[in-house]
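Read through the structure below, which is laid out as structure tokens, and then see the notes.
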Amino acid sequence: MKRGKKAEKEKVEAVEAVEAAEGEEDNGTAVVSKKAKKGKEPEAPILYEDPPDVTAAADGRAANMKITSWNVDGLRAWVKKKGLDWVREESPDVLCLQETKCAEKSLPAEITSMPEFPHKYWSGSTEKEGYSGVAMLCKTEPLSVTYGIGQEEHDKEGRVITAEFPSFFLVTAYVPNAGKGLVRLDYRKTWDVDFRSYLSGLEQRKPLVLCGDLNVAHEEIDLKNPKGNKKNAGFTADEREGFSQLLAAGFTDSFRHLYPDRAYAYSFWTYMMNSRSKNVGWRLDYFVLSAGLVPGLCDSKIRNKAMGSDHCPITLLLVV
């Protein structure tokens, strides 16, 4: 039966963003919109402007630690897209990378030879080369570095590196995605409990900074289309509750602490449907702090102008 004009006019287009390169990241952006009327101008996108950096804490102490985190969606491609040029300009004390998708033997020389970061640490999947993976590059050598969270079930995918510094731990993580059709949601729920336990154990020794792609938009303000994504990976009730439980355990979302009502601040945009230019995105990348570090928090930045991945980098300015 032919579709009538009225039905055609009310047709709804739903788009699920699936990260084709890996098949893992299924953070939809599930854009749901009525077909634009003929001749009607599309609405101008509301963009986020990263404000000037705040380089001192509330008590006046100057920041003495700068940490950048970036999901690069494939390290080799990111290097070719001149991601390292941006890093050199940003000049963090520590650079944390997620979704490197690169075995250590295949790392590009452009990054392994970087003199700016003499101390470099890599972790990749032990079962599937070119999958997942995290890295940490430091200007100053940490006291110690560990990989994973001490549980074989979770540590075979190369998702966590922890560095101990004199006054804090730095943990970078690429949290498992619940997947298309939520096929890994049960695993993700188990991860959230075990990872929270790991962080709480670390914190008993000294305060910590957690950074990385945590694969959850915590509240409706953290993504463009909350209503259309409640059953999609990254915005299910279970994943959001997992992050709430992390905060309830005494940790602080640094960006929301400083900018509780700042909307349209996203760190991930699917490559589909020109989502980035329209700012149809998600805030999936975080700096989470122990309560003891919050007085030294100066700023938590979303560097949304930096290109090279479907995520943008985020930067933390801190007094330690």
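The values are calculated or read from the model by the stated rules, or taken from the named source; none is laboratory data. Remember, it's a predicted structure, so these values are computed and weren't measured experimentally. Cβ coordinates were reconstructed from backbone atoms using ideal geometry, including for glycine residues, and neighbour counts include every protein chain displayed. For the accessible areas, the whole protein counts, side chains as well, though only heavy atoms, and no ligand, DNA or RNA atoms are used. Shrake-Rupley method; radii C 1.70, N 1.55, O 1.52, S 1.80 Å.
For beta carbons closer than 6 Å, sequence separation of 6+ or different chains, a first residue in the range 135-156 that is over 22 Å from residue 194 (Cα atoms) and a second that is among the aromatic types (Phe, Trp, Tyr) and open to solvent by 70 Å² or more (accessible area, probe 1.4 Å), there are no qualifying pairs. Of the residues 166, 108, 142, 115, the single one that is touching an Asp or Glu at 6+ places or on another chain (Cβ under 9 Å) and at pLDDT 95 or above is 142.
Residue-by-condition table, conditions (1) open to solvent by 30 Å² or more (accessible area, probe 1.4 Å); (2) under 20 Å from residue 311 (Cβ atoms); (3) under 17 Å from the mean Cα position of the chain (by Cα):
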{"residue": "172", "(1), (2), (3)": "no, yes, yes"}
{"residue": "193", "(1), (2), (3)": "yes, no, no"}
{"residue": "199", "(1), (2), (3)": "no, no, no"}
{"residue": "210", "(1), (2), (3)": "no, yes, yes"}
{"residue": "219", "(1), (2), (3)": "yes, yes, yes"}
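Please state which one of 126, 172 is polar (S, T, N, Q) and farther than 23 Å from residue 290 by Cβ. When all the criteria are applied, what remains is 126.
Considering only the range 120-139, how many residues are basic (Lys, Arg) and under 15 Å from residue 94 (Cβ atoms)? Even if it seems obvious, please write down each step before you answer.
Of all residues in the range 120-139, those basic (Lys, Arg) come to 120, 128, 139.
Add one more test, that the residue is under 15 Å from residue 94 (Cβ atoms), and what stays is 120, 139.
So the count comes out to 2.
Only one of these is of a type in the set (D, E, K, R), open to solvent by 90 Å² or more (accessible area, probe 1.4 Å), modelled with pLDDT of 95 or more and assigned to a loop (DSSP other than H, G, I, E, B): 89, 49. Name it.
Values: 89 fails: assigned to a loop (DSSP other than H, G, I, E, B).
Sole residue among the options that is of a type in the set (D, E, K, R), open to solvent by 90 Å² or more (accessible area, probe 1.4 Å), modelled with pLDDT of 95 or more and assigned to a loop (DSSP other than H, G, I, E, B): 49.
Considering the range 163-254, the qualifying strands (runs of 3 or more DSSP E), each wholly inside and each with 2 or more residues that are on the phi < 0 side of the Ramachandran plot and among the hydroxyl-bearing types (Ser, Thr, Tyr), run over 169-174.
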